[in-house]
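In what follows, a structure is listed as structure tokens, so that the remarks can point back to it.
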Amino acid sequence: MISDRVRPRGPFSLHVSVRTAGDATRTVVDGALEAVVDADGRPELARAQQSADGVVHLWAQSEAGLARIRAALPLENDHSEFLARFADDRLIGEATRRLRGLRPLRVGSVAQALLSAVCGQLIQSSRAREIERNVIRRSTPSLGRLHMPPRAADLAGYAPAQLRALGLGTRRATTLVRLCRTLDLEALHAIPTDRVATRLGREPGLGPWSVGVIALQGLGRYDHGLARDLGIVKLASALWGRWVEAEESDALLEPYAEWAGLASVYLLRGMAEGLVPSAAGNEAPHRQRRRLVA
């Protein structure tokens, strides 16, 4: 086993950031993140833990595995500018102060982010996670109870009917398989977010929220929000005193501009923890049907 020590750029709390990070490929054990990573096509167990001085300690079996676990952690994504700019924001100001070390983690592949996006459309988040786990466990090799992140090739071989048997609706299954077969998903890393959003937005079955999941979880980008999440729609309705259409809620993320993705994470997490004004009476977003559109 080999190791590395990394001091994050800017405020970062692994404890805060991994609170909702568990899936079929990774879990949290005693505050440490344990994950099966794709080490040049082989499943490999890797681990990350943060010490009291802020340094993040990484362990893996190989250099390739170490690079993968490091890539999953946003250690270089200094968001100090975001925290300073919005410290007094009426919606997320309290969340930026109380959750200042929060950064969304990347999943093991863009294909996994796409899978998470299509599973999460229009259903309870607990059911979405169950379907995602089912697909990953059927698609990739395991080490113990964790599985390697799926690659596009792992998902492209399915027929939509096979995915339907695992719980994924036909339309969403068709979208997933089509994109895994026709698009080089990992190549999206080299493309600016606005072009990624335009390209993916042309695809039937993908909408602004799905693009936001792919940008945040797959590409590690902070400039495309989780637009039209039901939690954000509910907050807009509470603030404006009427039920709003999903697209109207885009106005809540507009002021955050190039930080819209990270702002949506702080907004939703802040709502769940009672840190957002006018949201205290709302149910936590993760307990509801999460989106109105794809």
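With the requirement that a residue be part of a loop (DSSP other than H, G, I, E, B) and either open to solvent by 40 Å² or more (accessible area, probe 1.4 Å) or touching a residue at least 60 places away in the same chain (Cβ under 8 Å) (or both), what does the range 19-34 give you? Before the answer, list the steps.
Step one: of the range 19-34, the residues part of a loop (DSSP other than H, G, I, E, B) are 19-25, 30-31.
Within the range 19-34, 19, 20, 21, 22, 23, 24, 25, 30 qualify.
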Cβ pairs under 7 Å, 6+ apart or interchain, first in the range 223-249 and farther than 23 Å from residue 193 by Cα, second outside any helix (DSSP H, G or I) and aromatic (Phe, Trp, Tyr), ordered by first then second residue, are 237/243
Checked 287, 195, 221 against criteria (under 29 Å from residue 160 (Cα atoms) and modelled with pLDDT of 95 or more); the one match is 195
- Task: Evaluate the following for residue 173: is it assigned to a helix (DSSP H, G or I) and either open to solvent by less than 20 Å² (accessible area, probe 1.4 Å) or in contact (Cβ under 8 Å) with a residue 60 or more places away in the chain (or both)?
- Result: yes
Going through (1) surrounded by 22 or more Cβ atoms within 10 Å (Cβ to Cβ); (2) without any contact (Cβ under 8 Å) to a residue 60 or more places away in the chain; (3) more than 23 Å from residue 152 (Cβ to Cβ) one by one, residue 69 fails only at (3)
Just to be sure before I move on: is residue 76 open to solvent by 40 Å² or more (accessible area, probe 1.4 Å), farther than 22 Å from residue 213 by Cα and touching a residue at least 24 places away in the same chain (Cβ under 8 Å) in the structure I sent? no
Of (1) outside any helix (DSSP H, G or I); (2) at pLDDT 95 or above; (3) buried (at least 22 other Cβ atoms within 10 Å of the Cβ), residue 275 satisfies every one except (3)
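The values are calculated or read from the model by the stated rules, or taken from the named source; none is laboratory data. What you see is a predicted model; the values in this text were computed from it and never measured. Counting neighbours? That spans all protein chains shown, and the Cβs are built from the backbone with ideal geometry, glycine included. What goes into the accessible areas is simple: the full protein's heavy atoms, side chains included, and nothing from ligands, DNA or RNA. Shrake-Rupley method; radii C 1.70, N 1.55, O 1.52, S 1.80 Å.
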